[in-house]
Amino acid sequence: MSDCCSPEKSASATEGAPQAKTKAFCPQCKRPGRTVSTLTLKHQVRPEFLTAVNHGAFYFCGTPECQVVYFSVGGLTLTKANVRRPITQKDAENAPVCYCFGFTPAMVREEIAASGKSTVVERIASEMKAGLCACEIRNPQGSCCLGNVKAVVKAALVAHGS
Ligand SMILES: [Zn+2]
């Protein structure tokens, strides 16, 4: 997981890198989740759930309208209320899109409104090269945000009409 920001994998970040050997499906929305490490869970869940995540494989649900954030194959689910931060995919207006450097969708839109383009992807990429990202602990999905950032930039450019 420490190579989560390597350029080869970042392109597929939105679709979920094929890390899991077996697919697991969210009990609420029935969509496939992506595997997350215990390290990710320990940083993301509220203190009262620290023990609950000690055992079993957990998955992240990125479905925007689904309340479940993490679920285990054992049937435990943790919802938005059980985690410490708003989730990019589920709370687009209040969550950062890049958790390591704090970029928000509003910042992306403001830059595009002012200059007609976004430099956020380049800025994140250069920070990544310098080894300054910590997606496994900062990002609730446990992997690099670049795919999400690219999607936000694309949508903002379309909305801007460029
Ligand atoms: Zn779900």
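The values are calculated or read from the model by the stated rules, or taken from the named source; none is laboratory data. Since we're looking at a predicted model, the values are computed, not measured. Cβ: placed from backbone, ideal geometry, glycine included. Neighbour counts: every protein chain shown.
To keep it simple, each residue is scored yes or no on (1) surrounded by fewer than 19 Cβ atoms within 10 Å (Cβ to Cβ); (2) aromatic (Phe, Trp, Tyr); (3) over 19 Å from the mean Cα position of the chain (by Cα); (4) closer than 15 Å to Ala92 by Cβ.
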position	(1), (2), (3), (4)
Val121	yes, no, no, no
Glu127	yes, no, no, no
Leu132	yes, no, no, no
Cys135	no, no, no, no
Val152	no, no, no, yes
Ala155	yes, no, no, yes
Ala159	yes, no, yes, yes
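The single condition among (1) in the same structural domain as Glu136 (by TED's automatic domain parsing); (2) within 16 Å of the ligand (Cβ to nearest atom); (3) modelled with pLDDT under 95 that Val73 does not satisfy is (1). With the structure loaded, tell me whether Leu157 is farther than 28 Å from Val36 by Cα and not acidic (Asp, Glu) or whether it fails that test. When the stated conditions are applied, Leu157 passes them.
Look through the stretch 76-91, keep the residues that are of a type in the set (Lys, Arg) and within 14 Å of the ligand (Cβ to nearest atom), and return whichever of them is surrounded by the fewest Cβ atoms within 10 Å (Cβ to Cβ). Spell out the reasoning first.
Taking the stretch 76-91 and keeping what is of a type in the set (Lys, Arg), we get 80, 84-85, 90.
After this cut, where a residue has to be within 14 Å of the ligand (Cβ to nearest atom) as well, the list is 80, 90.
Details: Lys80: 15, Lys90: 21.
For the stretch 76-91, the residue satisfying everything is Lys80.
Would you call Val120 over 21 Å from Glu65 (Cα atoms), at pLDDT 95 or above and touching a strand residue (DSSP E or B) at 6+ places or on another chain (Cβ under 9 Å)? Taking the combined requirement at face value, the residue satisfies it. Hey, any hits in the stretch 45-68 for a residue that's away from the ligand (no atom under 14 Å from the Cβ), surrounded by 20 or more Cβ atoms within 10 Å (Cβ to Cβ), within 15 Å of the chain's Cα centre (by Cα) and free of Cβ contacts under 8 Å to residues at least 60 places away in the same chain? Yes, the stretch 45-68 contains at least one residue that is away from the ligand (no atom under 14 Å from the Cβ), surrounded by 20 or more Cβ atoms within 10 Å (Cβ to Cβ), within 15 Å of the chain's Cα centre (by Cα) and free of Cβ contacts under 8 Å to residues at least 60 places away in the same chain. Looking only at the stretch 84-107, decide whether some residue is among the small types (Gly, Ala, Ser), in contact with a helix residue (DSSP H, G or I) (Cβ under 8 Å, 6 or more places away or on another chain) and closer than 24 Å to Pro32 by Cβ. Yes, some residue in the stretch 84-107 is among the small types (Gly, Ala, Ser), in contact with a helix residue (DSSP H, G or I) (Cβ under 8 Å, 6 or more places away or on another chain) and closer than 24 Å to Pro32 by Cβ. Taking the criterion of being farther than 20 Å from Gln44 by Cβ and not in a helix (DSSP H, G or I), the residues of the stretch 137-162 that qualify are Gly161, Ser162.
The C-beta contact set for the stretch 91-120 (first residue touching a residue at least 12 places away in the same chain (Cβ under 8 Å) and in the same structural domain as Val149 (by TED's automatic domain parsing), second residue of a type in the set (Phe, Trp, Tyr) and surrounded by 13 or more Cβ atoms within 10 Å (Cβ to Cβ), distance under 9 angstrom, 6+ apart or interchain) comprises Val97/Phe103; Val120/Phe101; Val120/Phe103.
Number of residues in the stretch 36-70 that are touching a Phe, Trp or Tyr at 6+ places or on another chain (Cβ under 7 Å) and either modelled with pLDDT under 95 or within 15 Å of Cys135 (Cα to Cα) (or both): the value is 3.
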